[in-house]
1. Taking interchain pairs and intrachain pairs at least six residues apart, which have beta carbon atoms under 8 angstrom, with the first residue in the range 105-129 and open to solvent by less than 80 Å² (accessible area, probe 1.4 Å) and the second at pLDDT below 55?
2. Only helices (runs of 4 or more DSSP H) wholly contained in the range 59-129 count here; list those with 3 or more residues that are at pLDDT below 90.
3. Out of (1) touching a helix residue (DSSP H, G or I) at 6+ places or on another chain (Cβ under 9 Å); (2) within 18 Å of residue 19 (Cβ to Cβ); (3) open to solvent by less than 60 Å² (accessible area, probe 1.4 Å), what's the single condition that is false for residue 93?
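The values are calculated or read from the model by the stated rules, or taken from the named source; none is laboratory data. On a predicted model such as this, the values are computed, not experimentally measured, just so you know. Cβ placement follows ideal geometry from the backbone for every residue including glycine, while neighbour counts extend to all protein chains displayed. What goes into the accessible areas is simple: the full protein's heavy atoms, side chains included, and nothing from ligands, DNA or RNA. Shrake-Rupley method; radii C 1.70, N 1.55, O 1.52, S 1.80 Å.
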Amino acid sequence: MRLVKQRTPTGRPHRVAELLRERLALILLFKSADPRLKEVTLTEVEMSPDLRNARVFYVTRENVDREQVKIALAKAQGFIKAEVARENLFRLMPEFHFLPDPGLDRAARIEELLKEAGVATDSMKEDDS
């Protein structure tokens, strides 16, 4: 009987994902000419185990049109890949998949539901004290 070791999120794909998130954020903030991309905050990057695919999660400010940001990210794919390639991070360039981060939307929805139910988050904190 063989035991199969599960990969932990602290392995190479996780380290590469963190480095890539930092580089992509700098590219979008300082090297991109499109002002829509400066309104993007990258929250997380998930790399596939073979480092060929990168799922890049992002959020935008509340007053920014999310559809326009999505279009801008799709349009800037070639530029972003060229900038990452210039930094020689990868032997093979991964495919970038930019996805809106659902985590903040879920948190806002839960907070909204709690308010509707009459449960205030402040009263919950006072009960814990």
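1. Close Cβ pairs satisfying both conditions: 114/121.
2. Per the criteria, 102-116, 121-128.
3. Residue 93 satisfies all of (1) touching a helix residue (DSSP H, G or I) at 6+ places or on another chain (Cβ under 9 Å); (2) within 18 Å of residue 19 (Cβ to Cβ); (3) open to solvent by less than 60 Å² (accessible area, probe 1.4 Å) except (3).
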